[in-house]
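S.K.: Dropping the structure in here first, questions after.
The values are calculated or read from the model by the stated rules, or taken from the named source; none is laboratory data. Quantities reported herein were computed from a predicted structural model and do not represent experimental measurements. Quick reminder, even Gly has a Cβ in these numbers, built from the backbone with ideal geometry, and neighbours come from all protein chains shown. Please note that ligands, DNA and RNA were not included when accessible areas were found on the heavy atoms of the full protein model with its side chains. Shrake-Rupley method; radii C 1.70, N 1.55, O 1.52, S 1.80 Å.
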Amino acid sequence: TYALEINDLKKVYATGVEALKGIDLSVEEGDFYALLGPNGAGKSTTIGIITSLVNKTSGNVKVFGYDLDKELVMAKQQIGLVPQEFNFNPFETVQQIVVNQAGYYGVPRKEALVRSEKYLKQSDLWEKRDVRARMLSGGMKRRLMIARALMHEPRLLILDEPTAGVDIELRREMWKFLRELNANGTTIILTTHYLEEAEMLCRNIGIIQSGELIENTSMKSLLAKL
Ligand code: ADP
Ligand code: ADP
């Protein structure tokens, strides 16, 4: 099975901008996949469509076989999204934030509390569970965003520019964390404009430029070509 299958995906914004001009790509279950491209290439638009935050103009998207048009609820259950910007309520506590997220996905409260311990410990945030999110350091906030995205136990984790504006020490720490998560079976897709980041982490890579996928290959064969 594929974690993600995209066929002839197009997006024209209301402004007339053709952000995606017919993208085809598939990501296998268990993969660690990078979508690489410069600013304005269409990475966020692609992620937005997969996570149903942006309406597509045409084309087809399936997540673990669930068609976004026909089985949206099931498709959404499979995906955890880590947006680029912090978008939690800064006045809620760390544990409230992750437990509430599980609630949105229909996880019973008792189970959500159990999971919050698991994922906050895994993210090294359990000691901070009663702290308001605004008090956390930048690195802790990033880890909180990931822990929150894991609370409904998605099979596919999508991260939009996860290390943009992050210092090198924190970046290494996040890379290690993501590698472990992938080793434990979670399929990961991230967008980046750093080739080095894709190189450090990813098995396969798609390169997007002006709304077109100009390369879709293994990291190994891409590096062999350079
Ligand atoms: P739809 O997704 O239904 O096609 P749009 O996303 O095109 O709707 O509409 C959102 C509005 O936000 C647009 O009118 C556009 O002007 C504005 N907008 C947001 N981000 C950008 C951007 N990066 N470039 C240009 N316009 C933007
Ligand atoms: P990337 O994530 O690779 O930087 P985006 O998907 O954000 O690229 O943008 C692709 C193109 O679509 C750009 O030309 C951008 O200005 C445009 N765009 C993005 N969002 C909107 C929007 N809401 N409305 C209009 N144009 C947009």
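S.K.: Among Ile49, Leu226, Val82, whose Cα projects farthest towards the positive end of the dipole of the chain, with charges put on the beta-carbon of Lys, Arg (+1) and Asp, Glu (-1)?
M.R.: Result: Val82, furthest along the dipole toward the positive end.
S.K.: Length gain on complete extension for the stretch Ala183 to Glu117, per 0.36 nm per residue less the alpha carbon to alpha carbon distance?
M.R.: Value of the extension gain: 21.7 nm.
S.K.: Under a GNM of the chain (C-alpha, springs under 10 Å), which listed residue has the highest mean-square fluctuation: Leu170, Leu53, Leu144?
M.R.: For the chain, modelled as a Gaussian network with Cα springs under 10 Å, the answer is Leu53.
S.K.: For the residue pair Lys176 and Gln84, what label-to-label distance in nm results when each label sits 7 Å from Cα along the Cα-to-beta-carbon direction?
M.R.: Between Lys176 and Gln84, the simple spin-label model gives 2.8 nm.
S.K.: Continuing with this model, one more query. For the chain, set up a GNM with springs between Cα atoms under 10 Å and report which of Val82, Val98, Val131 has the largest fluctuation.
M.R.: So, out of Val82, Val98, Val131, the one fluctuating most is Val131.
S.K.: Among the lysines, select those whose C-alpha is under 26 Å from the C-alpha of Lys121, and discard any that sit fewer than 8 residues away in the same chain.
M.R.: Partners within reach: Lys76, Lys110, Lys141, Lys176.
S.K.: Normalised by the number of residues in region 70-180, what is the relative contact order in percent for Cα pairs under 8 Å and 6+ residues apart?
M.R.: 42
S.K.: Now for a different question. Counting only other residues whose beta carbon sits under 14 Å from that of Glu111, what net charge do I get with K and R as +1, D and E as -1?
M.R.: +2
S.K.: Work out the FRET efficiency for Arg109 and Ile168 from their Cβ-Cβ distance, taking R0 = 45 Å, and round it to the nearest 0.05.
M.R.: 0.70
S.K.: Continuing with the same structure: Calculate, in nm to one decimal, what Lys225 and Phe91 gain on full extension: separation in residues at 0.36 nm each, minus their alpha carbon distance.
M.R.: Full extension of this stretch gives 43.3 nm more.
S.K.: Can you compute the charge dipole magnitude of region 2-94 about its Cα centre, using +1 on each Lys and Arg Cβ and -1 on each Asp and Glu Cβ, nothing else charged? Give it in debye, rounded to the nearest 20.
M.R.: Dipole size: approximately 320 debye.
S.K.: Which order do Leu159, Leu223 take by accessible area at a 1.4 Å probe, largest first?
M.R.: From most accessible down to least: Leu223, Leu159.
S.K.: Against the longest alpha carbon principal axis of the chain, how many degrees, from 0 to 90 and to the nearest 10, is the axis of helix 109-122 turned?
M.R.: 80
S.K.: Residue-wise, which Karplus ³J(HN,Hα) couplings in Hz belong to region 171-180, taking 6.51 cos²θ - 1.76 cosθ + 1.60, θ = phi - 60°, and x for glycine or proline?
M.R.: Computed from phi, the couplings for region 171-180 are 4, 4, 4, 5, 4, 4, 4, 5, 4, 5 Hz.
S.K.: Within 12 Å, Cβ to Cβ, of Arg143, how many net charges do the neighbouring residues add up to if Lys/Arg are +1 and Asp/Glu are -1?
M.R.: +4
S.K.: Report, please, the projected area of the chain averaged over directions, based on the convex hull of its C-alpha atoms, in nm².
M.R.: Dividing the Cα hull surface by four gives the mean projection, 12.4 nm².
S.K.: Separate question: Based solely on its DSSP helices, what 222 nm [θ] is calculated for the chain when runs of n ≥ 4 H residues each add -39,500 (n - 2.57) and the sum is averaged over all residues, nearest 500 deg cm²/dmol?
M.R.: Value at 222 nm, helices only, nearest 500: -10500 deg cm²/dmol.
S.K.: Accessible area of region 1-150 with a 1.4 Å probe: how many percent of it is carbon plus sulfur?
M.R.: 48
S.K.: Taking a probe of 1.4 angstrom, what is the accessible area of Ile50 in Å², to the nearest 10?
M.R.: That residue has around 10 Å² of solvent-accessible surface.
S.K.: How would Ser116, Ser44, Ser58 line up by accessible area, probe 1.4 Å, largest first?
M.R.: Ser44, Ser58, Ser116
S.K.: Tell me, what ³J(HN,Hα) does each residue in region 14-22 have, in order and in whole Hz, if you take phi through Karplus 6.51 cos²θ - 1.76 cosθ + 1.60 with θ = phi - 60° and put x for Gly and Pro?
M.R.: 4, 6, x, 5, 8, 7, 10, 10, x
S.K.: Name the residue farthest towards the positive end of the dipole of region 111-226 from the options Ala183, Gly165, Gln122, assuming +1 on Cβ of Lys and Arg, -1 on Cβ of Asp and Glu, about the Cα centre.
M.R.: Sorting the options by dipole projection puts first Gln122.
S.K.: Any idea how far the Cα center of region 160-178 sits from the one of region 1-73, in Å?
M.R.: 24
S.K.: If the elastic network links every pair of Cα atoms under 10 Å, which of Lys21, Lys110, Lys118 fluctuates the most in the Gaussian network model of the chain?
M.R.: Greatest mean-square fluctuation among the candidates belongs to Lys110.
S.K.: Report, in degrees rounded to the nearest 10, the 0 to 90 angle that the Cα long axis of helix 94-104 makes with the longest principal axis of the chain.
M.R.: Long axis of 94-104 versus the principal axis of the chain: about 60 degrees.
S.K.: How much net charge surrounds Ala224 when only other residues with a Cβ under 15 Å from its Cβ are counted (Lys, Arg +1; Asp, Glu -1)?
M.R.: With Lys, Arg at +1 and Asp, Glu at -1, the net is +1.
S.K.: I've got another one for you. Spelling out what I want: for every residue of region 215-226, take phi, set θ = phi - 60°, compute 6.51 cos²θ - 1.76 cosθ + 1.60 (Karplus), and round to whole Hz; glycine and proline get x.
M.R.: Running phi through 6.51 cos²θ - 1.76 cosθ + 1.60 with θ = phi - 60° gives 7, 8, 7, 7, 4, 4, 6, 5, 5, 5, 7, 6 Hz.
S.K.: Which order do Asp124, Asp160 take when ranked by solvent-accessible area (1.4 Å probe, heavy atoms of all protein chains), largest first?
M.R.: Asp124, Asp160
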